[in-house]
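Structure record follows, encoded as structure tokens.
The values are calculated or read from the model by the stated rules, or taken from the named source; none is laboratory data. All values reported here derive from a predicted model rather than from experimental measurement. Positions of Cβ are backbone-derived with ideal geometry, glycine not excepted, and every protein chain shown enters the neighbour counts.
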Amino acid sequence: MSRRNKISNGIGYAILIVISIIWLFPFVCLVLQSFRSYILEPGGQVNYLLPKTFSLDSYKFLFDPESKFFRWYGNTLIIATFVSVLQTIFVLMVSYALSRMRFKGREFLMRFWLVLGMFPGFLSMICLYFLLKQFGLTQAGAIPGLILIGFASSGMGYYVCKGYFDTIPKSLDEAARIDGANRFQVFTIMLIPLSKPIIIYTALVAFMAPWCDYIFASYIAFGYSDSYNVAVAMYRWVMTNDYQGYFTRFCAGGLLIAVPITILFMCLQKYYVEGVTGGAVKG
Amino acid sequence: MDKGKQPSGMGKIAGFFKWFGADIADIGTTFAKGNWMTKVSFLIMGFGPLLRKQFLRGIAFLAAEIAFICYMVFFGAGYLKDITTLGTQGRGFNPDGTVSYGDNSFLILLYSILSIIIIIAFIFVWRLNVRQNRNAERLLAEGKKLATVKQDFVSLLDEHFDKTLLALPVLGVFLFIVLPIAFMICVAFTNYDATHQAPAQLFTWVGLQNFKDLFSFGTSGFGSTFVTILLWTIVWAFFATFLNYFLGMAVAILINKKGIKFKKLWRTILVMTIAVPQFVSLLYIGKMFAPDGLVNGYLMRWGLIDSAIPFWQDPTLAKILIIVLNCWVGIPYIMLICTGLLMNIPADLYESARIDGANAFQMFRKITLPYMLFVTGPFLLTQFTGNLNNFNIIYLLSGGGPTSMSLNGGAGYTDLLVTWLYKLTLNDTNYKMASVIGIMVFLVTAIISLVVYNILPSVKDEEGFQ
């Protein structure tokens, strides 16, 4: 029995080690390549992993004010922070109303939003671009425009949060209301402190999305490089501009972007797991 | 047979007309029996509440009416009158060389839709105004007091708190989703494309012509391209969902296995993929399989191949590679979800199965899998529809390529409907076909969701595993 267990555990470890190597391999490559000099060893993805000489050329380039890298970084950080805060507020508001209150049109609203969600999001792209342009929120004003796009319709993503609210017993609300609290007080004083995990989950997901947003960001900021976010700028480096020349700089930039976000994510991982699992089970 | 539990389609329609008739009748009685304040309110909204000292409501209604009239007179009507033609006079030049500004189909269509929605909203507000007048009269007749301005304000934080909460989110969804989608649905019935760019060249209604183009199988029609891409979209969504699901579950079971140590470490390694922004990891991995990428470079250096494998240039290879690489992205996510759920399965189920002599595979098939499928059924459905529209993976890895002369509209063999839509919009400015594709995506998603939702075990039998 124990021998069989040992063998099966051994196989298990072997598989896990192989999996780990596969999953970590691209990141290791990315880190190694970012230390290759784009001047001494030019080229895109070369056919060797360890750079011949260790160099910080790519990082020097990024930290040079002329490269605009930190402007793009700042843009994305601003967008992500605002979207994260505003989206969380919107989602909480909608979730409370739909979970705790019964009003006329509630069913209709939920069904209507469900159907709306089946349309591909960027079908609305051209029209949104025009609307934002009317208010000067494209190109030079793309940052507030992208914040607006990020959170304005976020009320539709209430599912996970409402599911969480539904699990908080309603008797708590009723007790508070008997003590003289109105619904606003029940919401702000009682329910929000109880919902810390889901608030962190919502904020975290909302914060991470703008870092990957390519579709709207490239369209709204079109041709105005001061308004790019990191995804658009990096994509342009390797896809439209000079791929061979910019590849190591892309690696270095990608690393500088990925490290803080990964650390943040790892710290809040517990809440993320709670959110996705809860959301998955409730559908 | 339990009658009346689910009204049939006809019943619903009949019910609607009944309700509608009753509502009209109700408006009539309110007018006939109402006093003069109510009657004036039919024309001047908020008149009744103002005289009854409900200033907040009165001013709100009056302001709504004034705003509506101003909007229609100075703005909406001008666009709405052209909705049948979408403009007749394009931008041109006067004989003296100056520019003469004509109509703009884009604006006409957009603002007409806005006006129509505003008119409908106004009718609702007007109906509310009538109802409030009647209720106020009734309350006064019963000798009760009407809500004061202060009470109105307070009620917005209590019994009417839902209105306060939902006002902004609903407005946001309306402006950023409903209005643009309504606009694009209309565009599907026009000839808005590269050669009809308002204001220089106007576009107009063409009926179902674009849908005919989509299903025409000639050399210039979109038919064969559409079918190719639709099939690939469904195949992709199927593999991306179920391959990830089963492999992810397998990894979760492996990590959960008794005797495996460092559980947290293994999970953390996998979760890295979720944490790192996709455009970094996917762009990098996509380049790894390029002709001059790392994989081909090493294979050639080791002498395993003579010339680079065309991973992204060969349609079949590209499709397989995308599905495989998607496992790299998707497995950690499924693993996280399954880990929590697997712990919820009562341990005594396995215990009794073991006593009965079941082996590991039998236990998986008879206990784990049914439970997981039951619990995650709706999640699988959302994963599937999400994968139908999985833009990032395709766009960052292959960009939809390889393209081909046999595909129309700039499509490539790994394009999904959504990435094709994106290309039609951005590269070809073929807005009319983009809209048609958008509607098709909606139809596919809606049909699959409806069909699957109705056969899900957890929907049919909610108590199944409790």
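Results, tabulated for the structure shown:
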| quantity | calculated |
| --- | --- |
| Yes/no for A:Gly254 being crowded, with 20+ Cβ neighbours inside 10 Å and within 28 Å of B:Met288 (Cβ to Cβ) | yes |
| Any hit, segment B:113-131, residues being assigned to a loop (DSSP other than H, G, I, E, B) and either more than 10 Å from every other protein chain (Cβ to nearest Cβ) or under 30 Å from B:Gly28 (Cα atoms) (or both) | no |
| Options B:Thr225, B:Thr233, B:Thr241; residue that is farther than 23 Å from B:Ile331 by Cα, β-branched (Val, Ile, Thr) and surrounded by 15 or more Cβ atoms within 10 Å (Cβ to Cβ) | B:Thr225 |
| Only listed residue being without any contact (Cβ under 8 Å) to a residue 60 or more places away in the chain, in a helix (DSSP H, G or I), of a type outside the set (Asp, Glu) and assigned by TED's automatic domain parsing to the domain that holds B:Gly377, chosen from B:Met300, B:Met343 | B:Met300 |
| Residue list for segment B:200-234, restricted to those being free of Cβ contacts under 8 Å to residues at least 40 places away in the same chain and under 30 Å from B:Thr339 (Cα atoms) | none |
| Every residue from segment A:32-69 that is assigned to a helix (DSSP H, G or I) and surrounded by 15 or more Cβ atoms within 10 Å (Cβ to Cβ) | A:Leu32, A:Gln33, A:Ser34, A:Asp57, A:Ser58, A:Tyr59, A:Phe61, A:Leu62, A:Ser67, A:Phe69 |
| Residues of segment B:98-119 that turn out to be surrounded by 14 or more Cβ atoms within 10 Å (Cβ to Cβ), touching a residue at least 40 places away in the same chain (Cβ under 8 Å) and among the aromatic types (Phe, Trp, Tyr), as a count | 1 |
| Candidates B:Val295, B:Val235, filtered to the one that is at pLDDT 90 or above and outside any loop (DSSP other than H, G, I, E, B) | B:Val235 |
| Selection from segment B:152-166 of residues that are more than 9 Å from chain A (Cβ to nearest Cβ) and surrounded by fewer than 14 Cβ atoms within 10 Å (Cβ to Cβ) | B:Phe153 |
| Residue that is nearest to B:Ser398 (Cα to Cα) [pool: residues in segment B:305-322 that are in contact (Cβ under 8 Å) with a residue 60 or more places away in the chain and not in a helix (DSSP H, G or I)] | B:Trp312 |
| Unique residue being in contact with a helix residue (DSSP H, G or I) (Cβ under 6 Å, 6 or more places away or on another chain), more than 9 Å from chain B (Cβ to nearest Cβ) and either touching a residue at least 24 places away in the same chain (Cβ under 8 Å) or aliphatic (A, V, I, L, M) (or both) when the list is A:Leu62, A:Leu116, A:Leu98, A:Leu77 | A:Leu62 |
| Any chance B:Leu247 is in contact with a helix residue (DSSP H, G or I) (Cβ under 6 Å, 6 or more places away or on another chain), part of a loop (DSSP other than H, G, I, E, B) and aliphatic (A, V, I, L, M) | no |
| Residue within segment B:270-288 that is over 28 Å from B:Tyr422 (Cα atoms), in contact (Cβ under 8 Å) with a residue 12 or more places away in the chain, in a helix (DSSP H, G or I) and more than 7 Å from every other protein chain (Cβ to nearest Cβ) present | no |
| All helices (runs of 4 or more DSSP H) inside segment B:1-90 with 2 or more residues being among the small types (Gly, Ala, Ser) | B:9-33, B:55-71, B:77-80 |
| Scope segment B:269-327; condition among the hydroxyl-bearing types (Ser, Thr, Tyr), surrounded by 18 or more Cβ atoms within 10 Å (Cβ to Cβ) and more than 38 Å from the chain's Cα centre (by Cα); matching residues | none |
| Segment B:244-255 - residue that is surrounded by 20 or more Cβ atoms within 10 Å (Cβ to Cβ) and facing chain A (nearest Cβ under 10 Å) and, of those, farthest from A:Thr240 (Cα to Cα) | B:Ile255 |
| Test result for B:Gly221, on the phi > 0 side of the Ramachandran plot, of a type outside the set (D, E, K, R) and assigned to a loop (DSSP other than H, G, I, E, B) | no |
| Segment B:256-266, subset touching a helix residue (DSSP H, G or I) at 6+ places or on another chain (Cβ under 7 Å) and either within 7 Å of chain A (Cβ to nearest Cβ) or farther than 21 Å from B:Leu369 by Cα (or both), residue surrounded by the most Cβ atoms within 10 Å (Cβ to Cβ) | B:Trp266 |
| Qualifying residue in segment A:12-22 (condition: more than 11 Å from chain B (Cβ to nearest Cβ), under 25 Å from the mean Cα position of the chain (by Cα) and in a helix (DSSP H, G or I)) | no |
| Search result, residues across segment B:120-145 that are surrounded by 14 or more Cβ atoms within 10 Å (Cβ to Cβ) and more than 14 Å from B:Leu62 (Cα to Cα) | B:Arg131, B:Arg134, B:Ala136, B:Glu137, B:Leu139 |
| Qualifying residue in segment B:199-214 (condition: surrounded by fewer than 21 Cβ atoms within 10 Å (Cβ to Cβ), outside any helix (DSSP H, G or I) and within 14 Å of chain A (Cβ to nearest Cβ)) | yes |
| Residues located in segment B:423-442, provided they are more than 20 Å from A:Met118 (Cα to Cα), free of Cβ contacts under 8 Å to residues at least 24 places away in the same chain and more than 9 Å from chain A (Cβ to nearest Cβ) | B:Asn427 |
| Where A:Phe222 falls short, out of the listed (1) farther than 24 Å from A:Leu30 by Cα; (2) buried (at least 22 other Cβ atoms within 10 Å of the Cβ); (3) of a type in the set (Phe, Trp, Tyr) | (2) |
| Unique residue being without any contact (Cβ under 8 Å) to a residue 60 or more places away in the chain and touching a Pro at 6+ places or on another chain (Cβ under 9 Å) when the list is A:Ala280, A:Ala231 | A:Ala280 |
| Sole exception among (1) crowded, with 18+ Cβ neighbours inside 10 Å; (2) more than 7 Å from chain A (Cβ to nearest Cβ) for B:Phe183, by number | (2) |
| Selection within segment B:302-324 - more than 23 Å from B:Leu247 (Cβ to Cβ) and not aromatic (Phe, Trp, Tyr) | B:Gly303, B:Leu304, B:Ile305, B:Asp306, B:Ser307, B:Ala308, B:Ile309, B:Pro310, B:Gln313, B:Asp314, B:Pro315 |
| Candidates A:Thr262, A:Thr188, A:Thr202, A:Thr248, filtered to the one that is farther than 25 Å from B:Tyr422 by Cα and within 7 Å of chain B (Cβ to nearest Cβ) | A:Thr262 |
| Residue ID - surrounded by the fewest Cβ atoms within 10 Å (Cβ to Cβ), chosen from residues in segment A:129-154 that are part of a helix (DSSP H, G or I), within 11 Å of chain B (Cβ to nearest Cβ) and free of Cβ contacts under 8 Å to residues at least 24 places away in the same chain | A:Gln134 |
